[in-house]
1. Run the simple label-point estimate for A:L217 and B:R173 please: 7 Å along Cα→C-beta, distance reported in nm.
2. How long are the semi-axes of the equivalent ellipsoid of chain B, defined as square roots of 5 times the Cα gyration tensor eigenvalues? Whole Å, largest first.
3. Taking a temperature of 37 °C and a viscosity of 0.692 mPa s, what whole-number D in µm²/s does Stokes-Einstein yield for chain A with Rh from Kirkwood over alpha carbon pairs?
4. Report, as an integer, the average count of C-beta atoms from other chains found within 10 Å of each Cβ along B:108-117.
5. Averaged per residue, what accessible surface does the protein assembly as shown expose to a 1.4 Å probe, in Å²?
6. Return the long-range amide H neighbours of A:V159 (sequence gap of 5 or more, or a different chain), with a cut-off of under 5 Å between placed amide H atoms.
7. At most 11 other Cβ atoms within 10 Å and a DSSP loop assignment: could you name the trypsin sites (Lys or Arg not before Pro) in region A:1-84 that fit?
8. Can you give the Rg to Rh ratio of region B:60-116, both from alpha-carbon atoms, with Rh computed by the Kirkwood formula?
Amino acid sequence: MASETLHRFGAFGGQYVPETLIPALDELDAAFDQAIRDPEFQRELDRLLKEYVGRPSPLSTAPRLSQAVGCDVYLKREDLNHTGAHKINNALGQGLLAKRMGKKRIIAETGAGQHGVASATVCARFGLDCTVYMGEEDMRRQELNVYRMRLMGAKVVPVLSGTRTLKDATSEAIRDWVTNVNDSYYIIGSVVGPAPYPRMVRDFQSVIGREAKAQMLETAGRAPSSVVACVGGGSNAMGIFHAFVPDLAVELVGVEAAGRGLDSGEHSASLQRGVPGVLHGSLSYLLQDESGQVHPAHSISAGLDYPGVGPEHSYLKETGRALYVSVTDDEAVEGLGILSRLEGIIPALETSHAVAWVVKEKERWNKGDAVLICISGRGDKDLAQISEMGLLPA
Amino acid sequence: MASPPATTSSNSITRRFDALKKESRRALVCYVTAGHPDIGGSLETLRALEDGGADIIELGVPFSDPIADGPVIQASSQQALEKGMTYDGVLALLERAKPRVPVVLFSYLNPILAAGPDALTRAADAGASGILVTDIPVGADPAREEWLGASPLAFIRLVAPTTPRARMAEIARHGSGFVYLISRLGVTGVQQTTAASLPETIQRLRSTTTLPICVGFGIATPEQARSVGKLADGVVVGSALVSAAEHGPEDVLKLTRSLREALDD
C-alpha cells in the first residue's frame, strides 16, 4: 500500500471505493510508479505524443482578443491535438499503461464525448477492446462524438440511471470495473476518482503546462501573469496549472460553469457552492444537499456537467494557490462567438467558459499583463447543439 | 486504530451469533432499503422480515450514487429518495419499527458524514446495533475509521474475493460483529449461480478470524441460501427481498420464510 500522503492532496482525495477494487488500485499504483520511472515508457509516450497526437501543441498569440481585453492574451492550442481536445494526452498515457499491464479490455466514461473519443482512438491504435459509458442525455447532446466512437470500434453504452449525464456514466463505469476487475482497465477521463487516478491523470496532462511554460518564454519572453482554464472535473486546468504551481507570481484561475446562475441551483460550480464530500472514490468539494445526497449539476456544456471536482483543485482552493470563478451558460456561448469572430478559433463550450471569463473581467487586466488561456478543445462537437438552441448568428 | 468497546448494542449481534451457534443454525441476514417502496411499506417490510425469521436486518440508507449496487437496489434507493428519505428519516423509521432482531445500517459514507459527528450515537439511540459502510475500505481514512470503530455500533467490514489473505486479517482485526464476505466480483444483484471460488475464499478468510462470516451478493433463492449456508455462518439476501418488497409485505414474508426453512434444513 502506498503512503497516505501519496493518496491525498492535503485532506482531499483518498480511496473511498468498494473493497473489491483495492487490490486493483494497489496494482495500478505500483504499475504507474514503475512506468513513469522507466525511460523506455517515457520515450514511447513522447514518441506517440509527437507522431500521433501532434505535440507540441502550438502557443498562439491572439492579437484581436488582446486588443479587446486590453492586455496580451496567449492561447495554448489543445484543440489542435488529434481528436480535437486535451483528453488524448491522458487516454494515450493510460492506454500505454494498460497495455504494459497486459490488460485487453478498456472501460471509460464520457460526458461531452471527448474522453470517450480519445479512449476509443487509443484503443483502435493499440488493438484493445473498448467500452464507453455515456449518459443518455449526453448521447443526445453529443451525437457526433457517439458516431466517432462507434466508427473506431468502441461500444457505447447508454446510461439511463440518475441524471443520465457524466456523474451516472462514471458510476456505471465503476460498476463495470468492479465486475470485470481482473481483465479490464478503467481509463478515468479527469483528475477525479480514487487514488492514484487524480495524480496520474494530472501527470499525463502536465505536458500542457510544461510546453506552455517554455513556449511563453520563447514567444513572449516572460512567464504568464495569469493562467486561465475551465474546470469540470478539472483535467485541462490541472494539466496547465501543474508546471506553474511553484511559481507564486503566476496567478492560477479555474473557471467553473455557473449554468443558469450561481443562485439558481442549476450550475456545476462545486468549488464555489459545494461542500466537501465523498463521490466516486475521493473526498473533494461536492454539490450535495444537507442530507448528503449528491445534487444534480447543470451546465450547457456536457463536459462540465459534473457535481464533483478533482481533489487537487479542492486543495488549491483551500490553500489559496488558485482562484476559482465562474461564468454562466449564456456568457459561455458568448465566449464561443467572441473567439470565433476575433481569432478564427471555434472553441468547445467547455473551453468557452475560460475565454468568456477573461473577456468578462477585462476591467481587471492591465496593459502589461500576459494572460494564458488553455484552449482545451475545439467546438465542432457543440455546433449542432447551439444551433438547435437558436444561439448561432443567422 | 482502537478496537471497538464492548457495548450493549453491538453485543446484540454477537449474542445472536452465539445463540445460533449453540443450535448449529446459520444466520439469515436480510437487506432492505429504508423508505422503499415508501415509509409505510418499509414498516410492513421490516415486520415481515422479523415474522419470516430474519436473524439480522440490514437497513439500507439510500444514497443518490450507489456505485456498489446493481439495478434493483439502485432503483429502490432512487424511489426512497424521491419519497424524501434521509439519514434522520431512517433513524425515525427504526424508532417506529423497533425490530426485535439486531439492525445493521448499510450505507455509503457521504450520508453518514453529512449527518454530523453524532450520527453514530444517534443511530445507536434509535436502536441500531451495527453499521456497514460500502466505500470505506480498511486503511482508506484512519480518522474516520476510528470514529466508526469507536462508536456504540458494531463496525461490520467487507472482504472481497480479490482481497489477499494478509489484508483479510487486517480487515477482520478492524471490524466487529461479523465479517461480510462479498461472494463474487461485481455489484449487488440476483445471480443464477454462486462463484466457484467461494469455498476456497471462505476457507482463506476463516483462517484469519474468529468473527462469524456472512456471505452476500447474488444470493436470491432458498437453494442458493442452503448451499452457501453449508460453508458460512450466515447468508445475506438483498436484491431478491427488495424486489419482493416492491410487490408487498406478503411476498417478503413468503420469501423470508422459504429462505429460513432452506437454511434450517
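1. Between A:L217 and B:R173, the simple spin-label model gives 5.0 nm.
2. On the way: eigenvalues 111, 103, 61 Å².
Ellipsoid half-lengths, sorted descending, are 24, 23, 18 Å.
3. Values: Rh = 20.5 Å.
D = 160 µm²/s.
4. Values: counts 4, 7, 12, 6, 2, 7, 10, 3, 0, 0.
Going residue by residue through B:108-117 and averaging, the value is 5.
5. Working: 23290 Å² over 659 residues.
Accessible surface, normalised per residue, equals 35 Å².
6. A:M134, A:G135, A:E136
7. Details: sites: A:R8, A:R37, A:R43, A:R47, A:K50, A:R64, A:K76, A:R77; in loops: A:R37.
Counting only loop positions with at most 11 other Cβ atoms within 10 Å, the trypsin sites (Lys or Arg not before Pro) in region A:1-84 are A:R37.
8. On the way: Rg = 11.5 Å, Rh = 12.0 Å.
Radius of gyration relative to Kirkwood radius: 0.96.
The values are calculated or read from the model by the stated rules, or taken from the named source; none is laboratory data. Everything numeric in this text was worked out from a predicted model, so none of it was measured. Cβ sites come from the backbone with ideal geometry, for glycine too, and all protein chains shown count toward neighbours. The accessibility values were calculated without ligands, DNA or RNA, using every heavy atom of the protein model including side chains. Shrake-Rupley method; radii C 1.70, N 1.55, O 1.52, S 1.80 Å.
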